[in-house]
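One structure below.
The values are calculated or read from the model by the stated rules, or taken from the named source; none is laboratory data. Keep in mind it's a predicted model, so treat the numbers as computed, not measured. Cβ atoms come from the backbone with ideal geometry, glycine included; neighbour counts cover every protein chain shown.
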Amino acid sequence: MTLRSSLLAFGLMLAVSLPAWAAEASPRMAPPPASSSVAAPALAVKGAPAPAKLSAKEQADVARIEAYLNEMKSVGATFMQISDTGATRHGAISIKRPGKMRVMYDAPDKDFIVADGSYVHMWDDEMGNQTSVPMGEGIAEFILRENIKLSGDVVITRFVRFPAKIELSLVSAKEPGQGELTLIFEDSPLKLRQWRVLDPQGRTTGVNLESAREGIEFPENTFVFVSPKLGKNTR
């Protein structure tokens, strides 16, 4: 997996369109069970995306998920990033809303990603260089927003309730072709456990959160990018 496909996995498409560098695909989803509301595939539809038709119970679940996400101000977890080719990467993720995230990969990987609220900084250790891009407002940064709403500028295109979990898929109301975000929650109690990001080329990368802890106070420098080259003699 490349660093940029990892950027896709963590929902930070930002101001960058996603070309062929995001080549991996996620675990394939089984067909939705009977308790599901599904619209037409968002990326295959031109114009406004069709919203899923939600029952009263599903609307109540959506309201509950929205409240939970807004209450989740910070979270730290280990993770497994996976593709359906069998390729995996492991590491640790720190999130502080609004707008801050740090992704560190386990050794021997030395790539890392830092979102500081204004920019996303990516370190590609193989190339020995840094890339920084402004943060955007697209669907991919949804979980980092200050105020999370499951309506308005996003559309729920798929809602599936399993016995012990809930899945919902979102696209941008104005630009549905920019990608799709699927959030997967454990229920009773409600906890964010996984997400998948689908890029405009139809490639998906999944992230499974493990040992997640919410309400963490992170050190001040957690979301500050420091180049590994700093202080090194580059001659």
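Of all residue pairs spaced 6 or more apart or on separate chains, those with beta-carbon atoms under 6 Å, a first member in the stretch 189-205 that is under 23 Å from Pro176 (Cα atoms) and a second member that is charged (D, E, K, R) and crowded, with 20+ Cβ neighbours inside 10 Å are Leu198/Glu180; Thr204/Arg196; Thr205/Glu24.
Apart from one condition, Ala92 fits all of (1) over 22 Å from Ser172 (Cβ atoms); (2) modelled with pLDDT under 90; (3) of a type in the set (Gly, Ala, Ser); (4) touching a Ser or Thr at 6+ places or on another chain (Cβ under 8 Å); the exception is (2).
Residues considered: Gly136, Gly86, Gly76. Of these, the only one that is of a type outside the set (Phe, Trp, Tyr), out of contact with any Phe, Trp or Tyr (no Cβ under 6 Å at 6 or more places or on another chain) and on the phi > 0 side of the Ramachandran plot is Gly86.
For every residue, the table says whether it meets (1) at pLDDT below 90; (2) among the aliphatic types (A, V, I, L, M).
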site	(1), (2)
Ile148	no, yes
Gly152	no, no
Lys174	yes, no
Phe185	no, no
Arg196	yes, no
Pro200	yes, no
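Of the numbered criteria (1) more than 23 Å from Leu144 (Cβ to Cβ); (2) under 15 Å from the mean Cα position of the chain (by Cα), the one Thr85 fails is (2).
When the criteria are applied in full, Arg196 meets the requirement of being closer than 21 Å to Gly91 by Cβ and either part of a strand (DSSP E or B) or not polar (S, T, N, Q) (or both).
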